[in-house]
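Colleague: Sharing a structure, written as structure tokens. Questions coming.
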Amino acid sequence: MPPPVPPDGIDPAWLPPAAFRPLGSRRTLIRGRGGPLVETVYGEVAEACARFGGSVGWGGGAACDLVLDVAGEAGDDESFTLVRDADGPTTVTASGGRGLLHGLFHLLRLGEGAFRGRWEPEVHRPALPLRMLDHWDNVDVHPVMGQVERGYAGGSIFWVDGRARHEPQRVRAYARLLAACGINAVAVNNVNVHETEARLLTDRIGEVAALAAQFRAYGIRTHLSVTFAAPIVLGGLATADPLDAEVREWWGEATRRVYDVIPDFGGYVVKADSEGQPGPFAYGRSHADGANMLAAALAPHGGTVHWRAFVYDHRQDWRDRSTDRARAAYDHFAPLDGEFAANAVLQVKHGPMDFQVREPVSPVIGALPRTRLAVELQVTQEYTGQQRHVCWLGQMWSEVLRFRLDGETPVGQLADGLVGVSNVGDDPYWTGHPLAQANLYTFGRLAWDPGADPRRVLDEWIALTHPGAPDALVSGLHAVLDGSWRSYEKYTAPLGVGFMVQPGHHYGPSVDGYEYSPWGTYHFADRDGVGVDRTAATGTGYAAQYAKVWADVYESAASCPDELVLFFHHLPYGHLLRGGSTVIQHIYDTHFDGVAEVTAARDTWASLRDLVEPSRHARVAELYEEQLRSAREWRDQVNSYFFRKSGVPDAHGRRIH
Ligand code: GCV
């Protein structure tokens with residue numbers, strides 16, 4: 001089957017046909033017949049050849065430039081080997097269709113280089129077996145959250161007006177993009193499971209099966225978010241108690257029916273006892289009890305339950321200084337280590353709070369050595385500019401994945417999987433902001449190799465999306481993306497303190513927006529200082545949740561890294577940071593610098609006008625105006641707020657309101 005064409009109006013710039021030229025202009029042989037995934041590979045090569053004049057055939061013997069060698073279709077093995085003698089052919093060998101597909105996309109990344117010189121045998125295999133994207137898509141339009149919760153790229157690509165969109169071409173084109181990024185699993189509905197969405201598990205499972213059929217063609221398994229209360233709301237039972245025999249039987253039967261229609265179904269994603277979602281606490285049971293009940297239902301079919309660790313009290317009293325939201329996940333889950341079933345994966349947000357631009361790495365990730373873990377990142381930019389600002393997150397994610405919680409093993413090696421909250425919708429550019437595509441690509445590639453240099457990954461994305469681009473465009477794109485995360489950090493909440501966003505929608509500044517609210521996200525600024533005391537000595541004790549190697553570093557303001565110092569300490573405005581300035585002067589300086597950096601990026605983008613397709617250029621240019629407006633608003637609100645609280649003037653006499 002030929003590769004899917006995105007529907008009319010969708011910008012094809014991601015994976016553009018020209019990226020296939022090196023492949024399509026050569027003679028390819030596919031050796032060994034397989035099933036649908038090998039057919040997918042054949043279709044990709046055949047389409048490229050039809051466009052660029054090469055040829056593709058089955059079997060061996062004939063002279064060729066590229067051999068794709070596959071032993072069979074079956075199996076979960078995703079690895080492939082690349083080898084080439086000086087005079088060719090280039091050979092990709094895989095034990096199954098999954099590996100062959102990854103090999104194909106690897107060839108695209110290598111471009112002409114794949115067909116030059118000699119390649120010693122190179123084995124490629126993903127470091128993390130699970131590389132998943134979670135869609136927070138609702139089937140209905142939610143009255144507050146809209147259709148895609150925290151979605152900034154239009155409506156859902158799966159659902160519209162309370163029903164499935166039935167657009168197989170779009171879903172298949174999307175599956176192809178995900179496969180090209182290295183992603184192998186997708187959850188198709190929001191973790192906040194409302195009434196309509198709950199029914200995807202039972203009478204509406206056919207709609208999920210139709211999506212799964214498209215994803216399957218590109219080696220991606222489909223998962224579903226389910227409500228813990230399903231036995232009550234769908235099954236009419238009186239309880240959802242995970243130790244109740246009838247409840248367990250209900251889940252067993254419901255799961256069996258899912259597998260009847262989706263034989264390769266990946267499993268469930270569950271948000272329980274969190275922000276109003278039902279969970280095992282209502283029955284006096286633990287989260288291991290809850291997860292294991294679902295794991296038992298899935299086990300006979302080879303499925304997995306993803307149980308989220310994002311559990312905290314969202315009805316906190318702001319007057320209560322002893323309750324610390326940052327502590328919650330560790331307090332709930334660390335004692336349960338060793339109790340989770342083998343097919344249960346604890347899905348942990350990368351930081352202890354909620355996808356802020358800067359957070360320490362969650363200590364939960366290092367606290368459950370006998371539990372399978374997936375680290376959750378937010379590709380959708382809820383707190384990082386909502387896909388109106390350029391904020392390429394590769395550098396931040398890489399820092400998380402390389403962080404050594406025990407001083408030795410990087411997070412990327414502690415985890416079994418990486419999960420990203422999707423940033424895709426029915427927007428013509430897929431991701432709202434055209435440059436936000438780079439975040440999705442980088443997420444997938446870092447899931448494949450958490451140790452990869454993120455800047456090289458960024459360059460891969462630039463090369464794949466702009467094949468043959470002149471150097472000025474390549475370096476311009478790199479310049480505006482690389483560093484954009486740090487610019488965003490500079491003009492928003494300072495020194496790791498977090499939030500300061502408008503409540504509810506979370507876009508734009510509101511320094512005290514959450515200060516007297518129940519959500520547990522405070523900064524405690526007063527006339528003398530700012531920050532949260534999370535030390536063991538005088539604060540909430542959060543710092544002591546880390547292994548000694550980090551607990552000691554974070555416990556003292558003298559050793560705590562500047563970028564996290566207000567996350568761990570309440571400090572006077574005059575406190576001297578390790579970097580040499582005072583807290584207050586740092587706030588002023590970074591906010592002026594952040595706006596200057598956005599201005600420079602906007603100007604760089606303007607200089608690329610003749611090198612970028614006009615409508616794409618115009619869209620980004622327009623978004624830069626909004627980013628600059630918003631960055632100035634952040635600067636002026638944050639600087640004015642702290643000037644008014646502290647009374648300390650800016651050492652450089654710049655305008656503060
Ligand atoms: C899906 C944050 C977001 C919520 C989201 C929640 C979660 O609180 O603001 O929209 O809900 O995280 O991760 O479950």
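The values are calculated or read from the model by the stated rules, or taken from the named source; none is laboratory data. Not measured: the values here are computed from a predicted model. Note that each Cβ is placed from the backbone with ideal geometry, even for glycine, and that neighbours are counted across all protein chains shown.
Colleague: Tell me, which residue of segment 398-431 that is β-branched (Val, Ile, Thr) and within 16 Å of the ligand (Cβ to nearest atom) is nearest to Met500 (Cα to Cα)?
Modeller: As a first pass, look at segment 398-431 and keep what is β-branched (Val, Ile, Thr): 400, 409, 411, 419, 421, 424, 431.
Add one more test, that the residue is within 16 Å of the ligand (Cβ to nearest atom), and what stays is 419, 421, 424.
Numbers: Val419: 26, Val421: 22, Val424: 26 Å.
By that ranking, first place goes to Val421.
Colleague: Among the residues of segment 188-212, count how many are within 16 Å of the ligand (Cβ to nearest atom) and assigned to a loop (DSSP other than H, G, I, E, B).
Modeller: The qualifying residues number 7.
Colleague: Here is a further query. Conditions first: (1) in a loop (DSSP other than H, G, I, E, B); (2) of a type in the set (Val, Ile, Thr); (3) under 29 Å from Lys490 (Cβ atoms). Val311 passes all but one, so which condition is the exception?
Modeller: Going through (1) in a loop (DSSP other than H, G, I, E, B); (2) of a type in the set (Val, Ile, Thr); (3) under 29 Å from Lys490 (Cβ atoms) one by one, Val311 breaks only (3).
Colleague: Here are some residues: Ala328, Ala334, Ala299. Which one is more than 20 Å from the chain's Cα centre (by Cα), surrounded by 22 or more Cβ atoms within 10 Å (Cβ to Cβ) and either among the small types (Gly, Ala, Ser) or within 15 Å of the ligand (Cβ to nearest atom) (or both)?
Modeller: Details: Ala334 fails: surrounded by 22 or more Cβ atoms within 10 Å (Cβ to Cβ); Ala299 fails: surrounded by 22 or more Cβ atoms within 10 Å (Cβ to Cβ).
Unique residue meeting the criteria: Ala328.
Colleague: I would also like to ask the following. Tell me, which residue of segment 363-397 that is within 13 Å of the ligand (Cβ to nearest atom) and touching a His at 6+ places or on another chain (Cβ under 9 Å) is farthest from Glu625 (Cα to Cα)?
Modeller: Kept after step one, since they are within 13 Å of the ligand (Cβ to nearest atom), are these residues of segment 363-397: 376-384, 386.
Those left that are additionally touching a His at 6+ places or on another chain (Cβ under 9 Å): 376-378, 381-383, 386.
On the way: Glu376: 31, Leu377: 27, Gln378: 24, Gln381: 18, Glu382: 19, Tyr383: 19, Gln386: 14 Å.
Among them, the one singled out is Glu376.
Colleague: Additional query: Asn343: out of contact with any Ser or Thr (no Cβ under 6 Å at 6 or more places or on another chain), away from the ligand (no atom under 16 Å from the Cβ) and at pLDDT 95 or above, yes or no? Working first, answer last.
Modeller: On the way: out of contact with any Ser or Thr (no Cβ under 6 Å at 6 or more places or on another chain): no; away from the ligand (no atom under 16 Å from the Cβ): yes; at pLDDT 95 or above: yes.
The answer is no for Asn343.
Colleague: Among the residues of segment 399-426, which ones are farther than 28 Å from Arg616 by Cα and of a type in the set (Ser, Thr, Tyr)? First the steps, then the outcome.
Modeller: Restricting attention to segment 399-426, the residues satisfying the condition of being farther than 28 Å from Arg616 by Cα are 399-419.
If the condition is that a residue be farther than 28 Å from Arg616 by Cα and of a type in the set (Ser, Thr, Tyr), then Thr409 is the only one that fits.
Colleague: If you don't mind, there's one more thing I want to ask. Contact list please: Cβ distance under 6 Å, first residue in segment 305-318 and among the charged types (D, E, K, R), second residue surrounded by 20 or more Cβ atoms within 10 Å (Cβ to Cβ) and outside any loop (DSSP other than H, G, I, E, B), pairs at least six apart or on different chains.
Modeller: Arg308/Gln347
Colleague: For segment 264-286, enumerate the residues that are in contact (Cβ under 8 Å) with a residue 24 or more places away in the chain and more than 16 Å from the ligand (Cβ to nearest atom).
Modeller: The first filter runs over segment 264-286 and keeps only residues in contact (Cβ under 8 Å) with a residue 24 or more places away in the chain, leaving 264-280, 282-283, 285-286.
Answer for segment 264-286, where residues must be in contact (Cβ under 8 Å) with a residue 24 or more places away in the chain and more than 16 Å from the ligand (Cβ to nearest atom): Asp264, Phe265, Gly266, Gly267, Pro280, Ala282, Tyr283, Arg285, Ser286.
Colleague: Then there's this: Tally time: how many residues in segment 346-362 are within 13 Å of the ligand (Cβ to nearest atom) and not in a loop (DSSP other than H, G, I, E, B)?
Modeller: 3
Colleague: Go over the candidates Ala179, Ala185, Ala230, Ala217 one by one and state the one that is farther than 24 Å from Leu130 by Cα and away from the ligand (no atom under 16 Å from the Cβ). Talk me through it step by step, then tell me what you get.
Modeller: Details: Ala179 fails: farther than 24 Å from Leu130 by Cα; Ala185 fails: farther than 24 Å from Leu130 by Cα; Ala217 fails: farther than 24 Å from Leu130 by Cα.
Exactly one residue qualifies, and that residue is Ala230.
Colleague: Does segment 563-574 contain at least one residue that is surrounded by 17 or more Cβ atoms within 10 Å (Cβ to Cβ) and farther than 30 Å from Asp313 by Cβ?
Modeller: Within segment 563-574, one or more residues are surrounded by 17 or more Cβ atoms within 10 Å (Cβ to Cβ) and farther than 30 Å from Asp313 by Cβ.
Colleague: Something else about it: Considering only residues that are within 16 Å of the ligand (Cβ to nearest atom) and among the small types (Gly, Ala, Ser), look in segment 133-176 and name the one that is nearest to Trp461 (Cα to Cα).
Modeller: Within segment 133-176, the match that is nearest to Trp461 (Cα to Cα) is Ala153.
Colleague: Sticking with this structure for a sec: Here is a check on your reading of the model: is Tyr522 surrounded by 19 or more Cβ atoms within 10 Å (Cβ to Cβ), within 29 Å of the chain's Cα centre (by Cα), touching a residue at least 40 places away in the same chain (Cβ under 8 Å) and not in a loop (DSSP other than H, G, I, E, B)?
Modeller: The answer is no for Tyr522.
Colleague: All but one of (1) more than 23 Å from the chain's Cα centre (by Cα); (2) surrounded by fewer than 20 Cβ atoms within 10 Å (Cβ to Cβ); (3) not aromatic (Phe, Trp, Tyr) hold for Pro242, so report the exception by its number.
Modeller: Going through the list (1) more than 23 Å from the chain's Cα centre (by Cα); (2) surrounded by fewer than 20 Cβ atoms within 10 Å (Cβ to Cβ); (3) not aromatic (Phe, Trp, Tyr), Pro242 breaks only (2).
Colleague: So is Pro22 crowded, with 16+ Cβ neighbours inside 10 Å and over 19 Å from Leu110 (Cα atoms) or not?
Modeller: Values: crowded, with 16+ Cβ neighbours inside 10 Å: yes; over 19 Å from Leu110 (Cα atoms): no.
No; evaluated as a whole, the condition is false for this residue.
Colleague: Among Gly407, Gly385, which is surrounded by fewer than 22 Cβ atoms within 10 Å (Cβ to Cβ) and in a loop (DSSP other than H, G, I, E, B)?
Modeller: Numbers: Gly385 fails: surrounded by fewer than 22 Cβ atoms within 10 Å (Cβ to Cβ).
Unique residue meeting the criteria: Gly407.
Colleague: Considering segment 58-105 alone, what residues qualify as being part of a strand (DSSP E or B) and of a type in the set (A, V, I, L, M)? Steps first, please.
Modeller: To start, the set of residues in segment 58-105 that are part of a strand (DSSP E or B) comprises 58, 66-70, 80-84, 90-94.
Within segment 58-105, Leu66, Val67, Leu68, Val70, Leu82, Val83, Val92, Ala94 meet the criteria.
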